[in-house]
1. Of Thr135, Thr163, which residue is open to solvent by 70 Å² or more (accessible area, probe 1.4 Å) and either more than 22 Å from Thr105 (Cα to Cα) or not in a strand (DSSP E or B) (or both)?
2. Any residue at all in region 72-87 that's modelled with pLDDT under 80, closer than 22 Å to Ile145 by Cα and surrounded by 17 or more Cβ atoms within 10 Å (Cβ to Cβ)?
Amino acid sequence: MGDASIIKDSIQQAEMPDSGQPVVHFKFQLEQPVKDDLYNYITAVNREKLPKNNSKSEIQLIKKEEKTLQFTIPIYNFLAAAGRFSEMQDKKEYNLIPVQERYATDDYFACKVIGESMNKVIPNNSICIFKKNVTGSRSGKILLIENSDSFDPDFNSAFTVKTYSSEKTITEEGWQHNSIVLKPNSYDASFNSIIINEENSSEMRIIGEFVQVLEN
């Protein structure tokens, strides 16, 4: 049976359309034509190349190689945040968490959402992916917001995750915000909206838009 080698730069990660499970595509070059069933051929070649008895060091090496193939994004701990989000980025006050390839860009980051105020969509203690640079209308979107003029007891900091809504006044010159309402979305009706107005909006900054729950 001839040998097979993977063609350089041909490895690509993707997802199965139905299940969303990760798969790897690659091309390989054969020294001799395949004379047997292709699946049997490939699995036989791989079995021949596997170590007969994996030592501890070999297993660690395999795990290390698998880890290098992971795609990652930063995960921030806003519960313990002592400064602004920009400072956390500059000081690299974050860890890395594996994600699917489509999220492995500078446009995405993750954090743990604490509390029950958004539990209809985001269960307590969920690790969630957020997208930076929110575009288009913000109304109805779940946003991560930083506001030094307000305090969210869930995050124990100036960060909060809520559904964004705004009240506007339309005039002949255009329109202006009367107030911004950050609404909870919880099975517990005791949670109140956070009202952002002229008095407490000077330090408000939208950090990202909720994309999906990554882990719970």
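The values are calculated or read from the model by the stated rules, or taken from the named source; none is laboratory data. Predicted, not measured: the structure shown is a model, and the values here were computed from it. As a convention, Cβ positions derive from the backbone with ideal geometry for all residues, glycine included, and neighbour counts pool all protein chains shown. When the accessible area is computed, the model is the full protein with side chains, heavy atoms only, and any ligands, DNA or RNA have been set aside. Shrake-Rupley method; radii C 1.70, N 1.55, O 1.52, S 1.80 Å.
1. Going through Thr135, Thr163 in turn, the sole match is Thr135.
2. Yes - at least one qualifying residue is present in region 72-87.
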